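What follows is one structure encoded as structure tokens, with my remarks underneath.
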Amino acid sequence: MNNKIFVFVLTAIFSFFSVFCGVGHNRKNTEKKSLSEVEKNIKKDSDEIKPDEEEKLQFRIVNLYFVNPNTEELKIEKRQVFDLKEETSMIKQVLRSLKLGPVSNLKPSVPENIEFKDVFIYNGTVYVDLHKTSEDSFIGGVEGEELFIESVVKTVSDLSPDYKKVCFLIDGEEVDSVLGHLDCSGFFSKDSF
């Protein structure tokens, strides 16, 4: 009886190893073939794509407007950002920096419940599309909303002299007011404040 068990176990082990080693051998050949195909594709792709020597990562200093806690007026904080060539991408990046808030002792100018959704430019007017994540957020009434609007308008306007006006949308729709206090149905310029 012990001999039968021994032969059975030995046969099972032999069968297992022969199957396992055969599968492993086939897998290695497949991996080698796939790897060589990948290497050929990489070489082909790299031959087609030539790196642009002139396009190097550059930075730019921009003005972000935050609230001075002592005077409740806006004050500039300089920030280094990537100098993006595409205009709307540059504006979006700067607005994200504005949303992140100051790194100094200034106060944020963008309410917590406001997100910058998108940006469009048409005939020198920058359309800033906002999204309100909720209706509640402490903004400080009329003065707080005015500081928010003014900070966005001045921050965007400082990016280029071509940006003459800023218009606010909420989820792609024209609105009478962004936060319920100020008339935002028209356009704003740096001289509006």
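The values are calculated or read from the model by the stated rules, or taken from the named source; none is laboratory data. Model, not experiment: these values are computed from the prediction. Neighbour counts run over all protein chains shown; Cβ positions are idealised from the backbone, glycine included.
Things worth noting here:
- Test: residue in the stretch 149-156 that is in the same structural domain as E77 (by TED's automatic domain parsing) and farther than 13 Å from L74 by Cβ: yes
- Restricting the stretch 91-107 to residues that are touching a residue at least 24 places away in the same chain (Cβ under 8 Å), among the aliphatic types (A, V, I, L, M) and farther than 15 Å from K154 by Cα, the residue that is surrounded by the fewest Cβ atoms within 10 Å (Cβ to Cβ): V103
- The stretch 145-170: number of residues that are within 25 Å of the chain's Cα centre (by Cα), within 22 Å of G101 (Cβ to Cβ) and not hydrophobic (A, V, I, L, M, F, W, C): 7
- Of all residues in the stretch 103-148 being farther than 20 Å from R79 by Cα and of a type in the set (S, T, N, Q), the one that is modelled with the lowest pLDDT: S137
- If you filter the stretch 171-193 down to residues that are within 26 Å of the chain's Cα centre (by Cα) and among the acidic types (D, E), you find that the one that is modelled with the highest pLDDT is D171.
- Candidate set: the stretch 59-81, residues that are buried (at least 18 other Cβ atoms within 10 Å of the Cβ) and aliphatic (A, V, I, L, M); chosen: the one farthest from S109 (Cα to Cα): V62
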